[in-house]
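The structure appears below as structure tokens.
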Amino acid sequence: MPSSANPAPQPSAHVALLPSAGMGHLTPFLRLASYLVSLNCHVTLLRPLPVVSSAESLQFSDFLSSHSTVHCLDLHLLPFDPSSANSTDPFFLQFESISRSAPVLLPQLLLPLDPKPSALITDISLASSVAPVSRARLNLPCFVLFTASASMLSFCASFPKTDNISGSPFIDRSTIPPVLRDPNNLFTQQFSNNGATLAATDGVLVNTFDALEPRALAALNRGEVLEGLPRVSAIGPLMPLEKKRGRSAPARARELEWLDGQPERSVVYVSFGSRTALSEAQIKELARGLERSGFRFLWVIKTKVVDKEDKEGLEGLFGDGFMEKVKERGLVVKDWVEQEEILAHGAVAAFVSHCGWNSVTEAAMHGVRVLAWPRIGDQRINAGVVEAAGMGRLLKGWEWGCGGEKVVAGEVVEEALREIMEDASVGACAACVREEAVRAVGVGGSSRESLAGLIEKWSKC
Ligand code: UDP
Ligand code: UDP
């Protein structure tokens with residue numbers, strides 16, 4: 001208990017956070033919230049309900065039970081008819097639902113607060129609906145936490161202005177997600193509207209660090225991407241949330257115990273993130289590639305976009321007695337895993353990844369080399385960052401649709417695995433990236449200083 005002679009320090013700033021849908025968006029928000037608390041900020045967390053996936057629901061409740069000082073306000077979404085929107089993706093529909101509800105609900109939730117927040121931070125997918133309300137109704141500066149790479153941000157910021165598909169000067173046309181060629185698609189409309197709002201916000205925070213994306217960050221802040229863009233602050237890589245310790249902590253997961261029994265830097269970890277399902281044909285070919293390569297592997301498999309619907313077992317997915325043949329050196333899991341702990345494990349050498357940005361930053365933080373196998377959205381642009389940093393390689397012959405409607409053969413996977421596992425230069429680059437990541441978030445590091453600067457600014461609002 002603090003003594004009267006030594007009172008608890010006053011919070012330095014009060015920040016409200018409104019995250020969007022999907023683990024790729026929620027995870028960095030909760031990591032930022034935790035970081036802000038550790039820097040003595042008071043945090044109000046707005047929780048849109050209901051959430052789409054079980055993973056989000058669990059992450060919110062775990063976070064709140066371990067961060068008792070965070071004030072959570074539930075934003076009960078207003079009724080929304082998804083049939084009127086040109087998309088079937090449950091996460092994009094949820095972006096739309098939150099965007100429509102926020103202008104009505106944010107004033108009801110935030111105006112009564114005392115003390116009042118000094119800033120509101122929201123997700124890029126909600127920016128065009130939240131930024132105007134923040135300024136006009138709440139009288140709050142509005143910041144965006146961009147949860148993908150600075151390279152993707154440069155594309156997003158220039159997209160509305162460059163008449164869509166030509167892209168930013170830093171982005172190769174071939175890396176632009178095909179969905180953006182359809183102007184009527186819900187995602188394209190959201191992407192364009194939100195990108196166009198960036199210049200009207202008070203600042204953009206990105207989960208990256210100077211040494212990983214020096215060119216994109218410099219271009220963004222020199223006005224080379226878009227004139228009038230507010231300050232872009234690299235504040236990453238955002239650190240994982242602390243896991244429960246002590247008696248109520250869950251038992252060590254099966255995959256971690258399995259990794260404990262594997263030799264140092266011998267295992268290929270395979271995962272396509274929280275919301276990317278592989279086709280059955282691709283699962284069979286990937287299994288063949290893993291089997292032919294002879295490497296040890298840990299494969300986290302998904303066959304549905306939303307976890308609640310992923311109920312089938314592993315039986316029958318692979319054919320040809322695959323599980324029996326690889327049982328001495330492979331583990332396949334069809335469940336949520338603690339990816340951070342896997343990437344931190346000394347037995348893991350390489351990561352076959354879809355290059356969701358959180359996965360890339362987690363690999364960077366742990367010096368794990370990446371075999372990039374993008375599927376949708378920003379993932380191909382993020383894979384470009386991985387290649388440019390030297391910490392990984394793009395799957396040879398990759399094109400849009402790989403792993404979806406276009407199946408990559410087992411032989412191609414086998415060869416790519418050999419190349420990534422046997423190329424010492426990629427391993428050395430990944431180790432350097434790790435050092436830079438640690439430096440960026442350490443005392444006096446570029447990302448830590450950037451966030452400290454923002455907190456100081458907010459504390460004066
Ligand atoms: N993740 C995890 N366990 C899983 C699947 C995903 O911990 O079984 C985490 C992963 O570590 C990352 C996030 O979920 O923090 C996924 O975000 P990312 O941007 O990599 O990809 P997305 O799932 O959004 O496509
Ligand atoms: N994005 C954006 N504007 C939007 C919605 C998304 O710039 O209105 C970005 C988002 O940050 C990511 C990419 O577009 O870089 C793909 O979004 P998605 O939600 O598919 O990302 P993921 O599921 O991989 O987290």
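The values are calculated or read from the model by the stated rules, or taken from the named source; none is laboratory data. In this text the structure is predicted, and so the values were computed from the model without any measurement. All Cβ positions, even for glycine, are placed from backbone atoms using ideal geometry, and neighbour counts span all protein chains on display.
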When (1) surrounded by 21 or more Cβ atoms within 10 Å (Cβ to Cβ); (2) more than 16 Å from ligand 1 (Cβ to nearest atom); (3) not charged (D, E, K, R) are applied to residue 67, the one that fails is (1)
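Looking at the stretch 371-382 only, could you name the residues that are more than 12 Å from ligand 2 (Cβ to nearest atom) and touching a residue at least 40 places away in the same chain (Cβ under 8 Å)? Show your work before the answer.
Here is the first cut: in the stretch 371-382, the residues more than 12 Å from ligand 2 (Cβ to nearest atom) are 371-373.
Those that are more than 12 Å from ligand 2 (Cβ to nearest atom) and touching a residue at least 40 places away in the same chain (Cβ under 8 Å): 371, 373.
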Residue count, the stretch 370-398 (criterion: closer than 15 Å to residue 271 by Cα, crowded, with 24+ Cβ neighbours inside 10 Å and out of contact with any strand residue (DSSP E or B) (no Cβ under 7 Å at 6 or more places or on another chain)): 2
Taking only pairs six or more apart or across chains, which ones have beta-carbon atoms under 9 Å, a first residue in the stretch 213-231 that is within 17 Å of residue 446 (Cα to Cα) and in contact (Cβ under 8 Å) with a residue 40 or more places away in the chain, and a second residue that is assigned to a helix (DSSP H, G or I) and of a type in the set (Val, Ile, Thr)? 213/385; 216/385
Take the conditions of a type outside the set (A, V, I, L, M), on the phi < 0 side of the Ramachandran plot, away from ligand 1 (no atom under 16 Å from the Cβ) and in contact (Cβ under 8 Å) with a residue 40 or more places away in the chain and apply them to residue 88. Does it pass? no
Among the residues of the stretch 15-60, what is the count of those that are more than 21 Å from residue 356 (Cα to Cα), in contact with a strand residue (DSSP E or B) (Cβ under 9 Å, 6 or more places away or on another chain) and not in a helix (DSSP H, G or I)? 13
Which one of these does residue 277 not meet: (1) at pLDDT 95 or above; (2) surrounded by fewer than 21 Cβ atoms within 10 Å (Cβ to Cβ)? (1)
Note down all Cβ pairs under 6 Å where the first residue falls in the stretch 19-46 and is over 20 Å from residue 65 (Cβ atoms) and within 14 Å of ligand 2 (Cβ to nearest atom), the second is part of a loop (DSSP other than H, G, I, E, B) and small (Gly, Ala, Ser), and they're at least six residues apart or on different chains. 24/356
Selection within the stretch 87-108 - surrounded by 13 or more Cβ atoms within 10 Å (Cβ to Cβ) and part of a loop (DSSP other than H, G, I, E, B): 87, 89
Conditions: (1) without any contact (Cβ under 8 Å) to a residue 12 or more places away in the chain; (2) in a helix (DSSP H, G or I); (3) not polar (S, T, N, Q). Residue 414 meets all but one. Number of the miss? (1)
Which pairs turn up if I take residues in the stretch 395-406 that are in a loop (DSSP other than H, G, I, E, B) and look for partners that are surrounded by fewer than 14 Cβ atoms within 10 Å (Cβ to Cβ) with beta carbon separation below 6 Å, at least 6 apart in sequence or on another chain? 400/178
Counted residues, the stretch 339-376 - those being under 14 Å from the mean Cα position of the chain (by Cα), at pLDDT 95 or above and near ligand 1 (Cβ under 9 Å from one of its atoms): 12
I need the helices (runs of 4 or more DSSP H) fully contained in the stretch 239-333, keeping only those with at least 3 residues that are free of Cβ contacts under 8 Å to residues at least 60 places away in the same chain and within 13 Å of ligand 1 (Cβ to nearest atom). none
Residues of the stretch 334-347 that turn out to be more than 16 Å from ligand 2 (Cβ to nearest atom) and either assigned to a helix (DSSP H, G or I) or out of contact with any helix residue (DSSP H, G or I) (no Cβ under 6 Å at 6 or more places or on another chain) (or both), as a count: 9
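For the stretch 439-452, what are the residues that are buried (at least 16 other Cβ atoms within 10 Å of the Cβ) and assigned to a helix (DSSP H, G or I)?
First pass over the stretch 439-452, keeping only residues buried (at least 16 other Cβ atoms within 10 Å of the Cβ): 439-441, 445-448, 450-451.
Answer for the stretch 439-452, where residues must be buried (at least 16 other Cβ atoms within 10 Å of the Cβ) and assigned to a helix (DSSP H, G or I): 439, 440, 441, 446, 447, 448, 450, 451.
Among the residues of the stretch 61-86, which ones are in a loop (DSSP other than H, G, I, E, B) and over 16 Å from residue 121 (Cα atoms)? Show your work before the answer.
Start the filter on the stretch 61-86 by keeping residues that are in a loop (DSSP other than H, G, I, E, B), which leaves 67-70, 77-81, 85-86.
Selection gives 67, 68, 69, 77, 78, 79, 80, 81, 85, 86.
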Here the residues within the stretch 178-199 that are under 20 Å from the mean Cα position of the chain (by Cα), under 23 Å from residue 354 (Cα atoms) and crowded, with 20+ Cβ neighbours inside 10 Å are 187, 188, 190, 191
If we keep just the residues of the stretch 301-332 that are touching a strand residue (DSSP E or B) at 6+ places or on another chain (Cβ under 7 Å) and buried (at least 18 other Cβ atoms within 10 Å of the Cβ), which is nearest to residue 273 (Cα to Cα)? 301
I need the full set of residues from the stretch 128-151 which are closer than 21 Å to residue 49 by Cβ, part of a helix (DSSP H, G or I) and touching a strand residue (DSSP E or B) at 6+ places or on another chain (Cβ under 6 Å), in order please. 130, 134
Reported set for the stretch 241-256 where residues are at pLDDT below 95 and surrounded by 15 or more Cβ atoms within 10 Å (Cβ to Cβ) is 241, 253
